[in-house]
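Visitor: The following block contains the structure, expressed as structure tokens.
The values are calculated or read from the model by the stated rules, or taken from the named source; none is laboratory data. Just so it is clear, the structure is predicted and the values come from calculations on it, not from any experiment. For neighbour counting, all protein chains shown are included, and Cβ atoms are generated from backbone atoms with ideal geometry for every residue, glycine included. What goes into the accessible areas is simple: the full protein's heavy atoms, side chains included, and nothing from ligands, DNA or RNA. Shrake-Rupley method; radii C 1.70, N 1.55, O 1.52, S 1.80 Å.
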Amino acid sequence: AAERARRGGGKGKHKERLAQLAEPETLKQAMLTDGDEKIRATDLPERLQTDASVVDRPPPEAGEVRHEAQWCYERLFGESHYDSSLPEAAAALLMSRRIEAIEAVLRLLRQGSEAEGGGGGGGG
């Protein structure tokens, strides 16, 4: 543990020395900037941290996430996919539950990007 602390303590000095020796463009190409380190340290996919269309996205309007979930469902299962081996009511319930599950995932993705990107947290 003491060895690990000693090595970790020198990490900042190593970064400072590297910053003094290397050109900023070289550090950027090698992904050794402070911004790159922040991305590595954050438990969120890089594309969700850097894509302005995701980070700066306004909160969803009423029904927007549901609409997105239905769009995803259609791409996954086909336009009004019904399981013909089930009674119609059961197939409709299955479709509804799948859309609800997709909607839940979309909400989690939005919440994660809002919490990490400073977009206000909270659900919607």
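Visitor: Restricted to region 17-29, and to residues that are surrounded by 10 or more Cβ atoms within 10 Å (Cβ to Cβ) and charged (D, E, K, R), which residue is modelled with the highest pLDDT?
Guide: K28
Visitor: Of all residues in region 1-13, how many are open to solvent by 100 Å² or more (accessible area, probe 1.4 Å) and at pLDDT below 70?
Guide: Matching residues across region 1-13 total 5.
Visitor: Give region 85-122 a look and list any residue that's at pLDDT below 90, closer than 21 Å to E61 by Cβ and open to solvent by 80 Å² or more (accessible area, probe 1.4 Å), or say none.
Guide: The answer is L108, L109.
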